[in-house]
Amino acid sequence: MRKGTIGLLLATALGGCENAPDWLRLGPKRDEMPVSMPTEAEAATQPAGPTTAPSAANVPAPTPPVSEPPLPPAPEAMAAGTATAAPTAAPAPKAFPAPPPATAPPAPPAGDGAVMAYVNNEPVYMATLTELLIAGYGTGVAQQLIANELVRQEAARQGVSLTEADVQAENDRTLEEMFGKIDGADQRERLLGQLLDRNRVSAEQWDLTMRRNALLGKIAGKRLVVTEDDLKEEFGRQYERKVEVQHIQTPTLAGAQKVLRELASGAEFTKLVTQLSVGPSAKEGGMLAPFGVKDTGTPPAIRDAALAMRKIGEVSDPIQIGTAFHVIKLVRVLEPENVKFESVRGTVEAAVRERKLRALQQDILQILLRGARVQYVHPVLKAQAEKGT
């Protein structure tokens, strides 16, 4: 699978367990559970009536604590012959009552009291869910919505419109960047569905991102300029000698040296990628896109080391870039093809336009974000924005 850019990858998961913090528990702790139950006499005095979901007007008052049994009389009173009643045995604990029978829940209240669900006829309100989601994930989603609105405003200012065909073309182009050429709509939809499920992204989120990027593409297209020098540089990039390598990134030199020891002991490079690599290429099995001497997208240290290799399967020494260390393995050598520039001019120009268009899209979006005046109103989002979270 080729490496591509996804506009939005959002994972949302909530849950509760015994080790969860108190605020996330589904009920009281075990040592907080009440142990006293009403006696049969007390239960008999309680009026019977239909069970309904409580409202603000009929929520019962808290049950008063059960009074403790009287203490036995003092020895002096017994010596004086005071008559005392024989203590009665405490009633045996009862099992918790079964949940009430399922009945149709009452209609949800209007306004801010919208109900998410009823649990044994007790309401769980949407406000609770909303506040938790905003506190945990609101900033990321809010930033995406703001970016979408900025692009929409800029498109309206420039008189740029969008069709469903534009959105579909953006979708197809993005999937091709990620998965390569895809034959058939069914295959395309299947791969997209797997991608969204794996990253917990909804189809609606994906569609919003494709629409934003399609608008950005049409705005960028009005500024795009492709020169003859651009074409010659791309021709050299595409038809020169290139190499394809597999890559492991570790945070320390000791980690890179461990990779080399494991390889010397017979370990498979791909298995070590899964176990030890912390770089983004680990998701692709450590594979990097083919590159040549003029390719500026690859760090020079990795590019020079890879182009110096000649034997397939050869492994480099640790390569330091910043604070990280890298080990690469030569997988394939792509020798220059015997082609003339004019015979491939159209293909080269298409590649240049696509690369420059993507770069322009990102530049325009960053310019819009930097120049925007955003004022958060929701208190949680406002606090998060002020903290820079």
Whole-number Å³ per residue for the convex hull built on Cα positions in region 109-175: 188
Relative contact order computed over region 241-335 (Cα-Cα under 8 Å; 6+ residues apart), in percent: 46
Size of electric dipole in region 249-317: Cβ of Lys, Arg +1 and of Asp, Glu -1, about Cα centre, debye, nearest 20: 20
Cβ crowding within 10 Å averaged over residues, with 334-347, 251-264, 276-289 ranked highest first: 276-289, 251-264, 334-347
Förster radius 51 Å - calculated FRET efficiency between Val141 and Arg332, Cβ distance, rounded to 0.05: 0.80
Sorted by Cβ neighbour density within 10 Å, fewest at the top, the residues Arg370, Arg200: Arg370, Arg200
Gain in span if fully extended, Arg241 to Arg190, counting 0.36 nm per residue against the direct Cα distance: 14.8 nm
Positive minus negative residues near Val273 (Lys, Arg vs Asp, Glu; Cβ under 14 Å): +1
Reachable lysines, given that their alpha-carbon falls under 27 Å from the alpha-carbon of Lys329 and they are not under 8 places away in the same chain: Lys3, Lys181, Lys242, Lys258, Lys271, Lys283, Lys294, Lys311
Under 14 Å, Cβ to Cβ, from Glu262 - net charge with Lys/Arg +1 and Asp/Glu -1: +3
Segments 208-217, 359-368 sorted - mean Cβ within 10 Å per residue, highest first: 208-217, 359-368
Residues Arg310, Arg152 arranged by fewest to most Cβ contacts within 10 Å: Arg310, Arg152
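Place the peptides 123-135, 222-234 in order of packing, highest mean first, counting for every residue the other Cβ atoms within 10 Å and averaging per peptide.
123-135, 222-234
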Estimated FRET transfer efficiency when R0 is 56 angstrom, pair Gln366-Asn120 (beta carbons, to 0.05): 0.65
Cβ-based charge dipole, region 168-307, positive-most Cα from Gly217, Gly297, Met178: Gly297
Where the Cα pairs of region 241-335 fall when distances are cut into 5 Å bins, in %: 3, 15, 27, 27, 19, 7, 2, 0
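Each reported figure results from applying straightforward, stated rules to the coordinates on display, with no laboratory input. This is a predicted model, so every value here is computed, not measured. Cβ: placed from backbone, ideal geometry, glycine included. Neighbour counts: every protein chain shown.
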